[in-house]
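The values are calculated or read from the model by the stated rules, or taken from the named source; none is laboratory data. Because the structure is a prediction, the values reported are computed rather than measured. A quick note on method: Cβ atoms are made from the backbone with ideal geometry, for glycine too, and the neighbour counts reach across all protein chains shown.
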Amino acid sequence: MLGLEGKTAIVTGAGRGIGRDIALTLGEYGVDVAVVDVDIAGAGETVSQLVGMGRAGLALECDVSDTGQAQRCIDEVLKWHDQIHILVNNAGITRDNLLLRMSEQEWRSVIDVNLTGTFNFTKAVSKHMIRKRYGRIVSISSVIGLMGNAGQGNYAASKAGIIGFTKAIAKELAARNITVNAIAPGFIETAMTASLPEKRREEMQGMIPLGMFGTGRDVSNIVVFLVSELGGYVTGQVIHCDGGMVMS
Ligand code: NAP
């Protein structure tokens, strides 16, 4: 019913965290996954888990902000499997600082990985998807790209940039049967949120109408919807996954 069995996906930043959850969830639905990460050991571990589930996986070491490396990844995946049906742009970093203290390096590194990385992979895979007249592209933005946050000017700009990029490219590629969407997660349970002091966790939970952090699985479930037959008529959208933090 979902139409995902036997499809091939690329998930960037899938060596741990939400990206690994997305890769493994797609694997559960019958998708073979190319796992892209700067951390090849993490990517290898995700692939081991996919193989343990009976799926095929390919670990690729890549800095998504490097245009040449991104193109080489797409070429490698096309040598492995002859069609790429799904791209999930998930790799992302933070380098937080208040504006007056933020260095050019902190600004550039976040824009380069989060926004240019999304551009690099989307452009490289689009050439192939246009030829095949099929594609599903999902990029992971953030509530911070919708509402801003003091100390995260670089991150907010990169995540808001992903939203504008998603809408523009959705319009460019719609006629080729390629959908392009974004997900804006709120606070998701990760190693970072787990290590926060209890008081800070409670403060953060107080900002969430549903009163709890989300999980990688919550984000992955939306990815599955968007890339499956269920989401075939959805493009250019930003799906919030934040327990009701941002309502618009
Ligand atoms: P994470 O645990 O830090 O995982 C990100 C992965 O991306 C890591 O494996 C990291 O490798 C990799 N990566 C970093 N830079 C890369 C690059 N240049 N090229 C390729 N891979 C790179 O992050 P997460 O919390 O799972 O977040 C995943 C995505 O969701 C990000 O885009 C983030 O902005 C977004 N998001 C997260 C939350 C949240 O609450 N966690 C909320 C909203 C949005 P290393 O381990 O070697 O750095």
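Looking at region 93-106, I want the residues that are in contact (Cβ under 8 Å) with a residue 24 or more places away in the chain and have a partner that is among the β-branched types (Val, Ile, Thr) and part of a helix (DSSP H, G or I) with Cβ atoms under 8 Å, at least 6 apart or on another chain. Which pairs are those?
Cβ pairs passing all conditions: THR94/VAL110; ARG95/VAL110.
Taking the criterion of being of a type in the set (A, V, I, L, M), modelled with pLDDT under 95 and surrounded by fewer than 16 Cβ atoms within 10 Å (Cβ to Cβ), would at least one residue in region 1-10 satisfy it?
Looking for residues that are of a type in the set (A, V, I, L, M), modelled with pLDDT under 95 and surrounded by fewer than 16 Cβ atoms within 10 Å (Cβ to Cβ), one finds at least one in region 1-10, hence yes.
Residue check, MET53 against (1) of a type outside the set (Gly, Ala, Ser); (2) under 23 Å from LEU226 (Cα atoms); (3) within 16 Å of the ligand (Cβ to nearest atom); (4) surrounded by fewer than 17 Cβ atoms within 10 Å (Cβ to Cβ), all met but one. Which one?
(3)
All but one of (1) within 15 Å of the ligand (Cβ to nearest atom); (2) exposed (fewer than 15 other Cβ atoms within 10 Å of the Cβ) hold for LEU100; which doesn't?
The failed condition is (1).
List the residue pairs whose Cβ atoms are under 6 Å apart, where the first residue sits in region 173-194 and is closer than 17 Å to TYR155 by Cα, the second is in a strand (DSSP E or B) and more than 7 Å from the ligand (Cβ to nearest atom), and the two are 6 or more positions apart or on different chains.
ALA182/SER139; ALA182/VAL238; ILE183/ILE239; ILE183/CYS241; ALA184/VAL238; ALA184/HIS240; PRO185/CYS241; ILE188/GLY214
If you go through region 81-92 one residue at a time, how many are part of a loop (DSSP other than H, G, I, E, B), more than 14 Å from the ligand (Cβ to nearest atom) and either in contact (Cβ under 8 Å) with a residue 24 or more places away in the chain or among the β-branched types (Val, Ile, Thr) (or both)?
4
When region 1-39 is examined, which residues are found to be under 14 Å from CYS73 (Cβ atoms), more than 9 Å from the ligand (Cβ to nearest atom) and not polar (S, T, N, Q)?
Once the filter is applied, which keeps residues that are under 14 Å from CYS73 (Cβ atoms), more than 9 Å from the ligand (Cβ to nearest atom) and not polar (S, T, N, Q), region 1-39 yields ALA9, ILE10, VAL11, VAL33, ALA34, VAL35.
Anything in region 171-196 that is aliphatic (A, V, I, L, M) and under 16 Å from the mean Cα position of the chain (by Cα)? List them, or say none.
Scanning region 171-196 gives VAL180, ALA182, ILE183, ALA184, ILE188.
Considering region 195-231 alone, what residues qualify as being without any contact (Cβ under 8 Å) to a residue 24 or more places away in the chain, among the charged types (D, E, K, R) and surrounded by 14 or more Cβ atoms within 10 Å (Cβ to Cβ)?
ARG201
Within region 103-133, can you find the residues that are more than 17 Å from ILE169 (Cβ to Cβ), within 10 Å of the ligand (Cβ to nearest atom) and not β-branched (Val, Ile, Thr)?
Listed by number, the residues that qualify are SER109, ASP112.
Report those helices (runs of 4 or more DSSP H) wholly inside region 179-247 carrying at least 3 residues which are among the aliphatic types (A, V, I, L, M).
Passing ranges, in order: 191-194, 216-227.
Which residue, of ALA70, ALA59, is closer than 26 Å to TYR134 by Cβ, within 14 Å of the ligand (Cβ to nearest atom), hydrophobic (A, V, I, L, M, F, W, C) and under 16 Å from the mean Cα position of the chain (by Cα)?
ALA70
May I ask you to say which residue of LEU78, LEU58, LEU24 is at pLDDT 95 or above, of a type in the set (A, V, I, L, M, F, W, C) and in a strand (DSSP E or B)?
LEU58
Scan region 136-191 for residues that are of a type in the set (Gly, Ala, Ser), buried (at least 19 other Cβ atoms within 10 Å of the Cβ) and more than 15 Å from the ligand (Cβ to nearest atom) and jot them down.
The answer is ALA170, and nothing else.
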